[in-house]
1. Looking at segment A:129-146, which of the residues that are of a type in the set (A, V, I, L, M, F, W, C) and not in a loop (DSSP other than H, G, I, E, B) is surrounded by the fewest Cβ atoms within 10 Å (Cβ to Cβ)?
2. For B:Phe87, state whether it is within 10 Å of chain A (Cβ to nearest Cβ) and closer than 23 Å to B:Ala139 by Cβ.
3. Taking interchain pairs and intrachain pairs at least six residues apart, which have beta carbon atoms under 7 angstrom, with the first residue in segment A:176-201 and among the charged types (D, E, K, R) and the second surrounded by 10 or more Cβ atoms within 10 Å (Cβ to Cβ)?
4. Going by what's in this entry, would B:Ala162 be described as within 20 Å of B:Val59 (Cβ to Cβ) and more than 13 Å from chain A (Cβ to nearest Cβ)?
5. Can you give me the number of residues within segment A:112-128 that are without any contact (Cβ under 8 Å) to a residue 12 or more places away in the chain and at the interface with chain B (Cβ under 8 Å from one of its Cβ atoms)?
6. Being more than 19 Å from B:Ser122 (Cα to Cα) and under 14 Å from the mean Cα position of the chain (by Cα) narrows it down to one of B:Gln64, B:Gln53, B:Gln33, so name that one.
7. Taking A:Thr187 and the conditions (1) out of contact with any Leu (no Cβ under 7 Å at 6 or more places or on another chain); (2) modelled with pLDDT of 95 or more, which numbered condition does it fall short on, given that it satisfies the others?
8. Filter segment A:167-201 for residues that are surrounded by 10 or more Cβ atoms within 10 Å (Cβ to Cβ), among the small types (Gly, Ala, Ser) and farther than 28 Å from B:Gln33 by Cα and give the result.
Amino acid sequence: MTKEDLAIKEGLIKFEDEIAEIFTAGKVPAPIHLSDNNEDQLIEIFKKVDKKDWVFSTHRSHYHALLHGISKEWLREEIIRGNSITVCNPEHHFYSSGIVGGATPIALGVAMGLKRDGAKEHVWVFVGDMAAEGGVYHEAVSYAAKNDLPITFVVEDNGISTNTPTKKAWGESTSAPRIIRYEHKKTKYPHYGSGKWVTFG
Amino acid sequence: MEKMEKKELKYKNELTRATDYLAKNPKTIFLGQSVVYPGNSIFKTLENVPANQKIEMPVFEETQMGMCIGLALAGYIPVSIYPRFNFLLLAMNQLVNHLDKLPVITRGKVRPRVIIRTAIGSERPLFPGVQHSGDYTDAFKALGLTNIDIVRLDEPDQIFVAYKKALERADGKSTVLIEYGDYYNEK
């Protein structure tokens, strides 16, 4: 890490510690979700994120917001106002959602819009390891790849979703899934009905 | 010999006229199943929409709704199409928790405007089954959504007015427009 990186890291940790103190003092009328020990990874990821890019975060968004250029003062006020789980700052193209994986398809839509416009901005969407097992996440990843959309998915794997161990909940067997897939692409019938005009009566 | 009176059917024509009106705004994008490829009654009302304003979607209703919110954030006016009301139920997470709540969360700074079009499945002459014929209008209204209007289109005269309002409304609200499959052939 460079000296500059270390200063950013110290700033992140100091901010969260300060929020923890304010929360402990009973001055935040809503839940908060603090980050810790992922500063190095995020500092590296955000070196690739342009200030004009769109960032979609989770209920645990303080580090993402700060690294995307949102001021500590604004963020602190927003948290004290009770909005930690849904920090949104449209001027900075920053959105987060308190619904697990909820921001993912929204991010996908922004990426589609940017591509249609020929814009240079990129979309970054952060999800936890539980959300990354979910259906919407897989749909979004698949659609983005197959349509070459300007979006990057970042999975933040802390092994738990609230207090549920992700791997324990999903199961840990490494057996290959049993799937049978066969092709039948020619049929004489349409999607429904017989393909012939019918008179009822 | 008694002359047979031919009833003038306006419902489908009005849906087509209203859809054409929406499509004149270059920022509108029509997304859903059977938007580009034929397969349901709604498709016929989209035939005049320019090809570059139509996107055929996979069957992923929740993701489709989320994408439409994202498109709205990016400056578009998405028209998100669900051919049956029962299918729209699968998109409720995005509709309730994000489309309706983003204006609240951002204290009005962001008002993603999405036009949602769905249909109560036609029951005549074939009953499509209980999973394809639901009318959840009252249930949607009972959700207490503050940024989404729920409009059931019972009569042809309502249609153009409702579509125009959905497109041009100054309050930035989204609109769910609910049509009846049976009325394509009855009104």
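1. Quick first cut of segment A:129-146, residues of a type in the set (A, V, I, L, M, F, W, C) only: A:130-132, A:136, A:140-141, A:144-145.
Checking which are not in a loop (DSSP other than H, G, I, E, B) leaves us with A:131-132, A:136, A:140-141, A:144-145.
Working: A:Ala131: 23, A:Ala132: 18, A:Val136: 21, A:Ala140: 28, A:Val141: 17, A:Ala144: 21, A:Ala145: 11.
For segment A:129-146, the residue satisfying everything is A:Ala145.
2. Considered against the rule, which asks whether it is within 10 Å of chain A (Cβ to nearest Cβ) and closer than 23 Å to B:Ala139 by Cβ, B:Phe87 comes out as no.
3. Partner pairs satisfying both residue conditions: none exist.
4. No: the conditions fail for B:Ala162.
5. 3
6. B:Gln64
7. All conditions pass for A:Thr187, except number (2).
8. Selection gives A:Ala169 alone.
The values are calculated or read from the model by the stated rules, or taken from the named source; none is laboratory data. Everything numeric in this text was worked out from a predicted model, so none of it was measured. FYI the Cβ positions are ideal-geometry reconstructions off the backbone, even for glycines, and counts take in every protein chain you see.
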